[in-house]
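The values are calculated or read from the model by the stated rules, or taken from the named source; none is laboratory data. Since the model is a prediction, treat every value here as computed from it, not as a measurement. Cβ placement follows ideal geometry from the backbone for every residue including glycine, while neighbour counts extend to all protein chains displayed. What goes into the accessible areas is simple: the full protein's heavy atoms, side chains included, and nothing from ligands, DNA or RNA. Shrake-Rupley method; radii C 1.70, N 1.55, O 1.52, S 1.80 Å.
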Amino acid sequence: QGTTYRTTLPAPAPLPSRTTAAVVRHTRWQPLRSSHMMLLASIIVAKIGMLPARHPMPNSLGSDKFNFYAQSVSAFRRTALPPARSWLTLLLEPKPTPSFLPAQLARDAKEKDERTKAAASGRPLETADDVVYSLEIGNRRYMSRLRDVDVDKLGKEAVGQLRKDPIAPSGVRAVVVSCARCLAPVEAIFDAAPGALHSLRVGGNVCRRDDGVIGCCEFALEQYAPPLLLVLGNERNDMVETAVASVMRESGRPDAPDTHAGAVERDGNGLMQALLSSAREAVSASPGGSFDELCRAAALSNVWKSVESLLTASTDIRDKVKRGELQVHGAYFELAEGRVRMLGSHPQQEAILEGTVSAPYVRDAREPAVPAEEALAALYAGNARYVSGGGGAMAAYDEALLRRHTSEGGQNPMCVVLGCSDSRAPAEMLFDARPGDLFVVRVAGNNLPSEACATAGAAEFALSMLSTKLIVVTGHTHCGAVAKAVAQAVADQRRGDADGHAEQTGAMGQVLASIREAAEEAISQLPDAELEEQVALATELNVLSAMQKLIEVSDLIRSRVISGDVMVVGCVYDIRSGLVRWLGQHPRLAQITGAAPHVPYNYKPVTLASAFQGDRPKLGKFKQAKDAIARILEGNDRFVRDAPMFESATPVIKDPFAIVLSMAELRVPVEQIVDATPADVYVQRMSGGIAGRGGATLLSSLEYANARWRPPILLVIAASRSEIVASAIAQVSGSALPSAPKRAVLERVMVAAMYAKMQVDDGRQLSRAGRDLKLRQLTAEIHALRTVEVLLRSSASLRASVAAGELEVHAAVVDEESGKLTMLGEHPQMEELAHERGC
């Protein structure tokens, strides 16, 4: 184009055959340094290299600081180039700017069509080796950036990266499990495009059997189908160092360093227990090794243990590996140089894959107990599927396997259903449940006497012996027993026989007698109504009566309801429409229990944060928390204005001032959203931002960070445009039953979607677009608040820190269009949550 270039460069090296050059345009004459040449480009269109593994990696990078630029691939097209042409010639050769040109759009359409055909045929568009190679190239760019402080900041135009590009959408190429305390985001370490890596972060990159981390991996692999799952350990890992120092002291080593994590070691944190075994193996293998050597060995051992857990605990991951659809690799990040050592597959992968893993075909005794609200959300979604015609969970595709599991696996139902014996109201069908999901007790009229009986005993058995957390009392329309009780009560009133003793004889009389009170109450409330209306009201009152009697006659049920460990919920099934109308917990629960039981806040309508008129959430009670929140909001404001202060790729070591639990679906690192260094915030990222349960890795990771650094704030961040929020809403709206990996994560988010849908359905009429916007926003906000509730109810140490005024737990929602964080504040029932016993 007539532009002149003047520079001094080393002799150019030939490129591998498959590469493409960046487009460079330079507008004025000036001397150039080789390390800064790319900074003078006003347009650079380059993405991570996609070179096959058969091409050798360049042997030297340091002397020629932009070899790696020549390995990059155009965002729009990969071109095969003759090896004789030098990369410098290609770099400076005038090219058309890849904008919205017709020819370029045609190539985009062709590439999209190739992806569609590949997906339809089951043929991967790129292999795991391609992804590994591109990650190595990206890591070299990151290493070069660490040595070149004049490079533009990562935060530049980052707000736009939160959104998917509709012209050139980038798919997830790898799922990466890394440490929440890794001192650089994986997106920066591999210099990856926004959304190219699905980052899951948990303390110590620990994956354990039957834990939420593996469930999140399964969800991501099922949702995005990348060819690579990478477990990334890192140097200077605080958790690993604490574990190694503890084992060195156990071994009597006088040179064991003080890691200042005594509180964590004394508390017996679950995360530390998982890492101590790796530390003991490292010390056993090298008793005289230095602290740094032992930490490296323990970190590598932990990487392989996590890989092994993924392969042995997840049938879905094993099957994908066996079919060649997925590779599970380990890697190690060396902090000082910024280099990532790609370790490949597990050394004993073949032997691991030869083992047998028996995954439950249906719920059995091996599965963990399901919290009451999650069980309720599963039933809500199941009924929505049944009504919409998308049911079918009862279908047994392998009857022999079904019989084997039901006979050998034991049972662990997620719900007790007290329903009517009516042949038209089968609980398993109307809730679209799988075998093993429900413990069903059916009696005519779905009621029980006012004293201890077999019905209450059956419910107690499920709670005490099977760890069930939810009891649902189900009535139904056109119930013969209720209709008979109402008709009899009306006839008795007309005869002046209020007691109706003449008709209440024998066993059938006992059944009608248990419904009599509800029938008379319905008549008194609707004295002039038609019999059909009186029966409808009596059906609802009868459900509430049965709920009350269950709590009153059973000390076990009453005590667990008071503690919040068990919920008793009512509903009425419409035989004509198939729809279940939920009544919630008993409206007089406090009077019935004689105490103040824990009632989930989210069961009542909440106000959208965006709808607050005057009173904003109180942002911190104590000075340290107020300062931390102000720091987060100021950083987010810089992010929104595209004026970042910090380079999020630069590794530094200092104590974090905040713990952040966020959704893995966010396309940019949390550190960028709050414009903080990776050391400033301890970031745990999981699918849906789900919280862990007591003793599990996800919760232990947060407990470790709280005990280790004592930050004043724990912030839960949700995103209304998250894919998992949309999937949860679809589930409670009746979409098809998802696969088991997706269910493991979705059921945690479906609780918020259920409460949001209940509120939106009961509110004023909205347009379809307005309803969708409100439903998404409300689901995200309720999910953030509920996550706070789950954390505090599950963790005694977090509750103690909140009660002592050392920690504040807040919720927020990020708008993925603007990048703005909206603070929701603390949970409305924070005082109650901080001082309750927990579950």
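Do you know which residues across the stretch 557-598 are out of contact with any strand residue (DSSP E or B) (no Cβ under 9 Å at 6 or more places or on another chain) and part of a loop (DSSP other than H, G, I, E, B)? Within the stretch 557-598, Gly564, Asp565, Arg576, Ser577, Gly578, Pro587, Arg588, Gly594, Ala595, Ala596, Pro597, His598 qualify.
In the list Val716, Val681, Val668, which residue meets the criterion of being at pLDDT 90 or above, farther than 15 Å from Thr787 by Cβ, open to solvent by less than 10 Å² (accessible area, probe 1.4 Å) and under 21 Å from the mean Cα position of the chain (by Cα)?
Matching residue, one of Val716, Val681, Val668: Val681.
Summed over the stretch 146-181, the residues that are among the basic types (Lys, Arg) and either at pLDDT 90 or above or open to solvent by less than 40 Å² (accessible area, probe 1.4 Å) (or both) give a count of 2. Does Arg776 satisfy the criteria of being open to solvent by 10 Å² or more (accessible area, probe 1.4 Å), touching a Gly at 6+ places or on another chain (Cβ under 6 Å) and part of a helix (DSSP H, G or I)? Here the answer is no, as Arg776 does not meet what is asked.
How many residues are in a loop (DSSP other than H, G, I, E, B) and touching an Asp or Glu at 6+ places or on another chain (Cβ under 9 Å) when one looks only at the stretch 416-449? Final tally of qualifying residues: 5. The single residue among Ala400, Ala458, Ala452, Ala462 that is part of a loop (DSSP other than H, G, I, E, B) and over 28 Å from Leu531 (Cα atoms) turns out to be Ala452. Among residues of the stretch 805-837 being closer than 12 Å to Leu619 by Cα and charged (D, E, K, R), the one that is most open to solvent (accessible area, probe 1.4 Å) is Glu826. Only one of the numbered conditions (1) without any contact (Cβ under 8 Å) to a residue 60 or more places away in the chain; (2) surrounded by fewer than 23 Cβ atoms within 10 Å (Cβ to Cβ); (3) farther than 15 Å from Ile551 by Cα is violated by Val486, and that is (2).
One residue alone among Tyr573, Tyr603 is surrounded by 17 or more Cβ atoms within 10 Å (Cβ to Cβ), among the aromatic types (Phe, Trp, Tyr), touching a helix residue (DSSP H, G or I) at 6+ places or on another chain (Cβ under 8 Å) and at pLDDT below 90, and that residue is Tyr603.
Quick one: is Pro413 open to solvent by 30 Å² or more (accessible area, probe 1.4 Å) and either not in a loop (DSSP other than H, G, I, E, B) or not acidic (Asp, Glu) (or both)? The answer is no for Pro413.
Restricting the stretch 307-344 to residues that are out of contact with any strand residue (DSSP E or B) (no Cβ under 9 Å at 6 or more places or on another chain) and outside any helix (DSSP H, G or I) leaves a set whose member that is surrounded by the most Cβ atoms within 10 Å (Cβ to Cβ) is Ser314.
Taking the stated definitions as given, is Gln731 of a type outside the set (Ser, Thr, Tyr), part of a helix (DSSP H, G or I) and modelled with pLDDT under 90? Against the criterion (of a type outside the set (Ser, Thr, Tyr), part of a helix (DSSP H, G or I) and modelled with pLDDT under 90), Gln731 does not qualify.
Go over the candidates Glu747, Glu781, Glu789 one by one and state the one that is touching a strand residue (DSSP E or B) at 6+ places or on another chain (Cβ under 8 Å) and assigned to a helix (DSSP H, G or I).
Criteria check complete, one pass: Glu781.
Yes or no: the stretch 746-760 includes at least one residue that is touching a Lys or Arg at 6+ places or on another chain (Cβ under 8 Å) and modelled with pLDDT under 90. Yes: one or more hits.
So for the stretch 216-227 (the condition being on the phi > 0 side of the Ramachandran plot and either assigned to a helix (DSSP H, G or I) or modelled with pLDDT under 90 (or both)), does at least one residue qualify?
Of all residues in the stretch 216-227, those on the phi > 0 side of the Ramachandran plot come to 225.
Now drop any that are not either assigned to a helix (DSSP H, G or I) or modelled with pLDDT under 90 (or both), which leaves none.
No, that holds for no residue.
Might you check whether a residue that is out of contact with any helix residue (DSSP H, G or I) (no Cβ under 7 Å at 6 or more places or on another chain), in contact (Cβ under 8 Å) with a residue 24 or more places away in the chain, under 24 Å from Cys479 (Cβ atoms) and open to solvent by less than 60 Å² (accessible area, probe 1.4 Å) occurs anywhere in the stretch 556-568? Scanning the stretch 556-568 turns up no residue that is out of contact with any helix residue (DSSP H, G or I) (no Cβ under 7 Å at 6 or more places or on another chain), in contact (Cβ under 8 Å) with a residue 24 or more places away in the chain, under 24 Å from Cys479 (Cβ atoms) and open to solvent by less than 60 Å² (accessible area, probe 1.4 Å). Residues that are among the β-branched types (Val, Ile, Thr) and either in a helix (DSSP H, G or I) or within 12 Å of Ile515 (Cα to Cα) (or both) within the stretch 465-499 comprise Val482, Val486, Val490, listed in sequence order. Checked against the criteria, Asp364 does not count as part of a helix (DSSP H, G or I) and farther than 30 Å from Ala279 by Cα.
Checked against (1) closer than 22 Å to Ile724 by Cβ; (2) in contact with a helix residue (DSSP H, G or I) (Cβ under 7 Å, 6 or more places away or on another chain), Ala769 passes all but a single condition, namely (2).
Remark: pairs (first residue in the stretch 617-632, under 17 Å from Ile717 (Cβ atoms); second residue modelled with pLDDT under 85; Cβ separation under 7 Å; 6+ apart in sequence or on different chains) = Ile629/Leu619; Ile629/Gly620.
Kindly indicate the residue of the stretch 426-473 that is hydroxyl-bearing (Ser, Thr, Tyr) and surrounded by fewer than 19 Cβ atoms within 10 Å (Cβ to Cβ) and also modelled with the lowest pLDDT among those meeting that condition. Among those that are hydroxyl-bearing (Ser, Thr, Tyr) and surrounded by fewer than 19 Cβ atoms within 10 Å (Cβ to Cβ), it is Ser450.
Counting only helices (runs of 4 or more DSSP H) that sit completely within the stretch 231-306, those holding 1 or more residues that are closer than 29 Å to Gln327 by Cβ, open to solvent by less than 20 Å² (accessible area, probe 1.4 Å) and at pLDDT 90 or above correspond to 238-250, 270-285.
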